[in-house]
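Here's the structure we're looking at; comments come further down.
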Amino acid sequence: MPRLLIISRDRKEAALLRESLIREGYEVRMTLPDEGEFGDHFTRMAPELILFDPVGDPEAVRRLRQDLAAAYERKDIPILVLSGEGSVAALDAACGMDDFLIRPLKMAEVRLRVKMNLWKQSRIDSEQLLKIGPLLIDPANYEVTVDGETVEMTFKEYELLRFLATHRGRVFTRDSLLSRVWGYDYYGGTRTVDVHIRRLRAKLGPSCENLIETVRNVGYKFRD
């Protein structure tokens, strides 16, 4: 279920957007642009796309893009700007947006642009295959092979492996992995991460199980 975050001071409009997108099968949260509230929602949810109302200020989009890169290492997350017709002329790609929607919003257009931008974000060229020794991760097809043999995984096992492999050498706490991979408060607790790591190692086998290292009293990392 793709996760969307609406950042706006117009709660009425945001609520209508949220309701429409939830009916399309998305997980959607709303937040004010205030740093504390936004940061809390972003960390807990790990959204895959943001709908943002900069209130006619292109610099607000640029600041949001910079904050996403600096604080959350999410410089590539799609940002769809909600704009009045009179503010469109001030917008351009240099401000950091990926797309825009003009008020009054047409929900059919909103749904289409959200879908298109999520698709563009997920499209990965074959050149971006992740190869670490005998391990090959194909993000475009959600496939993992070891020594040419396909490794069957659940979606969360795959997502956890892909996340760690794309952040090689960096240590992540269990709480951080829950937030970044599961994308919401997981009531089962951090034990969930340990269970998935154990299953991953077993499935990767002797040639690759040591790629995932345990950092004592901290969490896990993928060998650099």
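We did not get these values from a lab; they are worked out from the coordinates using the rules stated. Predicted model, so just to flag it, every value in this text is computed and none were measured. Reconstructed Cβ throughout: ideal geometry from the backbone, glycine too, with neighbour counts over all protein chains shown.
Odds and ends about this structure:
- Tilt relative to the chain, helix 58-72 - C-alpha long axis, 0 to 90 degrees, to 10: 20 degrees
- DSSP-defined beta bridges in the chain - what % are antiparallel, rounded to 5: 50 percent
- When the convex hull of its Cα atoms is viewed from all sides, region 1-150 shows a mean projected area of 10.2 nm².
- Counted by Cβ distance under 13 Å from residue 193, the other residues give a net charge of +4, where Lys and Arg count +1 and Asp and Glu count -1.
- Using only side-chain charges placed at the Cβ, +1 for Lys and Arg and -1 for Asp and Glu, the dipole size of region 3-122 relative to its Cα centre rounds to 360 debye.
- Top positive-direction residue, dipole computed over the chain with Cβ charges, set 6, 153, 100: 153
- Dipole moment magnitude, nearest 20 debye, the chain about Cα centre, only Lys, Arg, Asp, Glu C-beta charged: 460 debye
- Counting other Cβ atoms within 10 Å as a rough exposure proxy, the listed residues 120, 12 run 12, 120 from fewest neighbours to most.
- Net dipole in debye of region 126-222 [+1 Lys, Arg Cβ; -1 Asp, Glu Cβ; about Cα centre; nearest 20]: 440 debye
- Candidate aspartates and glutamates - alpha carbon under 14 Å from residue 156, same-chain residues fewer than 8 apart omitted: 143, 194
- Degrees between helix 35-45 axis and first principal axis of the chain (Cα, 0 to 90, nearest 10): 40 degrees
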